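Colleague: Would you mind keeping the following structure in view while I ask a few things?
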Amino acid sequence: MTPADSPAHPRHTANPNENSSMTANSSSLSDHDRQRLLEGRHHAPHDVLGLHATRGDAGQITGHVIRTIQCGANSVQVHSGGRVWEMVNTGEDVFELELPRDPQIEDYRLFIRWDAGQGVETMDAYRELPTVRDLDLHLIGEGRHERLWDVLGAHVSDRGTAFAVWAPHAAGVSVVGSFNGWNSRQHPMRALGSSGIWELFIPGVGPDELYKFSIATADGAQVEKADPMARLAERAPGTASVTVADSTYRWSDDDWMTARARTDWNRTPISIYEMHLGSWRKGLSYREMATQLVDYVREKNFTHVELMGVSEHPFEPSWGYQVTSYYAPNNRFGSPEDLRFLIDSLHTAGIGVIMDWVPGHFPKDEWALGKFDGQACYEHPDPRRGEQPDWGTYVFDFGRAEVRNFLVANALYWCKEFHIDGLRVDAVASMLYLDYSRDEGQWLPNIHGGRENLEAVNFLQETNATLHRDAPGALTIAEESTSWPGVTAPTDHGGLGFSFKWNMGWMHDTLEYVQRDPIHRGYHHGEITFSMVYAYSERYILPISHDEVVHGKGTLWSRMPAGHSWDRAAMVRTLLAYMWSHPGKKLLFQGQEWGQAAEWNESRGVDWGDMEGWEGEFHRGLAALTARVNELYRSFPALGESDHGPAGFRWIAADDATNNVLSYIRSHGDQKVACVINFSGNTLRDYRIGLNDSGVWREVLNTDDPAFEGAGRTGGDIHADVLASHGMEFSAALEIPAHSARWFVKG
């Protein structure tokens, strides 16, 4: 059955040339327009393709012309109101049909046949109005479109898909994909004024189609680029983007989101389990993690997880820090809806979700953001600012409104669309300093001649202020390794506006100290006490992150200066008890919660086998200790709610270098927790500590407890007598086993 004889077209079949003045290889299209279409350099293809009126010498409408490009088609017909007209191929697969004036022709469809007896009917893409509004263009131009993902990218509807992309230097842009044979001539896009936005609605294109943008550059080249706003990417080694229908996921975390917005996170315990999606338990999908990860984190009493590698990155060993698709979740573990399910499951279990966010740099893959339209577009055009030599990557042009908009909207996107509770911002120092990792002459000073990246500062302030306003309760966390002032100060006070900052100084000093032999630690006592000099200069998180267990640094277990597993386990237990009692929120990388022996390797994953057998008893004891210190940290306000001011901390003895002991009191209201940390290899008997309240102090933690595979050499409550010590009216004598910590609660 031919299309004309089908039930859809029973009434009339036109002669191929009826009412048409067209003949093969003739065209009403100007040579100039034809050439620009064929070269993919037409800024306004809708002006010549689709349905247009023809006019006489006096300007009167004399008829219509319908024009379409259908690459490789054998024939194209126009169907309208039960009538059928055959179009003429005028060369290079540009098909035309000229008709007398007929208002009913405005409602027409195209029937394209590539092989005899086969064909498809579709609406004409070039009869569609622009899908990007003038208001959207205005906001994008100002860098203020806070829902950029609703406008740019690919948006699927029941009629087709609207494509829009920012390519300000392009001479022409086309959509190519699995739906048009990847032919750059088939679907040229129109430029929307001087905005740099190119747009096209393609009827019939639904979800799960692969696509890219084919860009004709100003210097005559042709490049194919993945969509910067794609919400899903093709599985590696493929590099295309994927059309995605709008999410229909029904969240069940209303209680969590409401509580999050009302919570003062500065005065709330935060204990973060940092994990790498691909290596925690290798082979798990998002939905499998929604059971196993939720159960594990809840068992260990962490308050949050921090996910590495959420944004799409094609090079898996990069750990997720070479992002090519900022709006697309990592597809190795499932769909975007599956990721939503994982986050929702964590929320309903009372667990917050933080993700790594990498706005400082991006890779140079030729199909991604770099030189997107043939010129520096997302990156700064001057390599002294636009390239990061340490990582071989490009640096975003933070002073460009559209680039700043791309990143600020991306932060909002994850918090709005995926209910992410916080962004840990990677490598902030590399953004703040123009001379970061650059030699003299390799960096460009700011307008005042200084080394501060003023545009990056403004960008970070805008991101933090916008996110805290529009995503109440969402956190921003800076990995910032210098002494830049005011990282966590409010933006209206000149600060960067982060919620928290990683305390890199505490981490370096602590790990340097604990890996020394105990007999030498007394000479380095200042390393372990120095953190309290600046503990309240910012709102800190104490991090033992993935960076500290790779590249020859060892793990917490292997850093310990001991040979026997018993001693190593005791030292790690002591370190964790010290960390959890020190002011600041907590972060621990996967495997360190039970003392993984070998360095982390993303291709091997976590060495869960370390916990098996008789030797594994020490690791199982460490896992039990982690769960216990998290439980106590969350239970006692003195530990979890007084992190950011001196009123919550008092030294008992900061100067006992001889014994390698630290002792201090954490307090909140009437509650007090006395912490005694013995970093030496000697058991200390009748060790006296000053206390600021009399009576019984209840022991709540002893890292030497058999429950943690300790020796159980001593334990129990202590009694504070009226005997002054350490500047306090009361004191108590106690025994502190070697490599151990004890906590006591009063009130």
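The values are calculated or read from the model by the stated rules, or taken from the named source; none is laboratory data. Here the structure is a predicted model, which is why all the values come from computation and not from measurement. Counting neighbours? That spans all protein chains shown, and the Cβs are built from the backbone with ideal geometry, glycine included. Note: areas computed on protein heavy atoms with side chains; ligands, DNA, RNA excluded. Shrake-Rupley method; radii C 1.70, N 1.55, O 1.52, S 1.80 Å.
Colleague: Would you be able to say whether some residue in the range 652-666 is in a strand (DSSP E or B), open to solvent by 50 Å² or more (accessible area, probe 1.4 Å) and in contact (Cβ under 8 Å) with a residue 12 or more places away in the chain?
Modeller: No - not one qualifying residue is present in the range 652-666.
Colleague: Still on this model: Would you confirm, using the coordinates I've provided, whether residue 283 is open to solvent by 50 Å² or more (accessible area, probe 1.4 Å), without any contact (Cβ under 8 Å) to a residue 40 or more places away in the chain and of a type in the set (Gly, Ala, Ser)?
Modeller: So residue 283 passes the test.
Colleague: While we're on this one: Of 690, 681, 716, which residue is outside any strand (DSSP E or B) and under 25 Å from residue 526 (Cα atoms)?
Modeller: Answer to the check: 681.
Colleague: Quick one: which residue in 127, 101, 113 is within 11 Å of residue 70 (Cα to Cα) and either open to solvent by 70 Å² or more (accessible area, probe 1.4 Å) or touching a residue at least 24 places away in the same chain (Cβ under 8 Å) (or both)?
Modeller: 113
Colleague: Related question: Please work out if residue 591 is without any contact (Cβ under 8 Å) to a residue 60 or more places away in the chain, out of contact with any strand residue (DSSP E or B) (no Cβ under 6 Å at 6 or more places or on another chain) and surrounded by fewer than 19 Cβ atoms within 10 Å (Cβ to Cβ).
Modeller: So residue 591 does not fit the description; no.
Colleague: Considering only residues that are without any contact (Cβ under 8 Å) to a residue 60 or more places away in the chain and over 17 Å from residue 550 (Cβ atoms), which ones fall in the range 594-609?
Modeller: 594, 609
Colleague: Still on this model: Tell me, which residue of the range 463-495 that is of a type in the set (D, E, K, R) and over 30 Å from residue 440 (Cα atoms) is least open to solvent (accessible area, probe 1.4 Å)?
Modeller: The extreme case among them is 470.
Colleague: Right, here's the next one. Is it fair to say residue 177 is closer than 21 Å to residue 326 by Cβ, open to solvent by less than 10 Å² (accessible area, probe 1.4 Å) and touching a Leu at 6+ places or on another chain (Cβ under 7 Å)?
Modeller: Criteria met by residue 177.
Colleague: While we're here: Cβ-Cβ under 9 Å, sequence separation 6+ or interchain: first residue in the range 131-143 and charged (D, E, K, R), partner assigned to a helix (DSSP H, G or I) and open to solvent by 50 Å² or more (accessible area, probe 1.4 Å). Which pairs?
Modeller: 136/150
Colleague: Here's a follow-up. When you look at residue 697, is it aromatic (Phe, Trp, Tyr), farther than 19 Å from residue 628 by Cα and either open to solvent by less than 40 Å² (accessible area, probe 1.4 Å) or part of a strand (DSSP E or B) (or both), yes or no?
Modeller: Judged against the criteria, residue 697 is not a match.
Colleague: While we're on this one: For the range 430-443, name all the residues that are over 18 Å from the mean Cα position of the chain (by Cα), buried (at least 16 other Cβ atoms within 10 Å of the Cβ) and not basic (Lys, Arg).
Modeller: 432, 433, 434, 435, 436, 443, listed by residue number.
Colleague: Can residue 161 be described as in contact with a Gly (Cβ under 9 Å, 6 or more places away or on another chain) and among the hydroxyl-bearing types (Ser, Thr, Tyr)?
Modeller: When the stated conditions are applied, residue 161 passes them.
Colleague: Taking the range 474-508, which residues are touching a Leu at 6+ places or on another chain (Cβ under 6 Å) and either assigned to a helix (DSSP H, G or I) or not small (Gly, Ala, Ser) (or both)?
Modeller: 476, 484, 487, 496, 503, 506
Colleague: Go through the range 367-396 and give me each residue that's without any contact (Cβ under 8 Å) to a residue 40 or more places away in the chain, farther than 15 Å from residue 166 by Cα and acidic (Asp, Glu).
Modeller: Matches in the range 367-396: 387 only.
Colleague: Shifting gears a bit: Inside the range 210-231, can you point out the residues that are buried (at least 21 other Cβ atoms within 10 Å of the Cβ) and either part of a loop (DSSP other than H, G, I, E, B) or not aliphatic (A, V, I, L, M) (or both)?
Modeller: 211, 212, 213, 214, 225, 226, 227, 228, 229, 230, 231, listed by residue number.
Colleague: I'd like to verify a number: residues in the range 543-566 that are over 19 Å from residue 622 (Cα atoms) and not small (Gly, Ala, Ser), how many?
Modeller: 4
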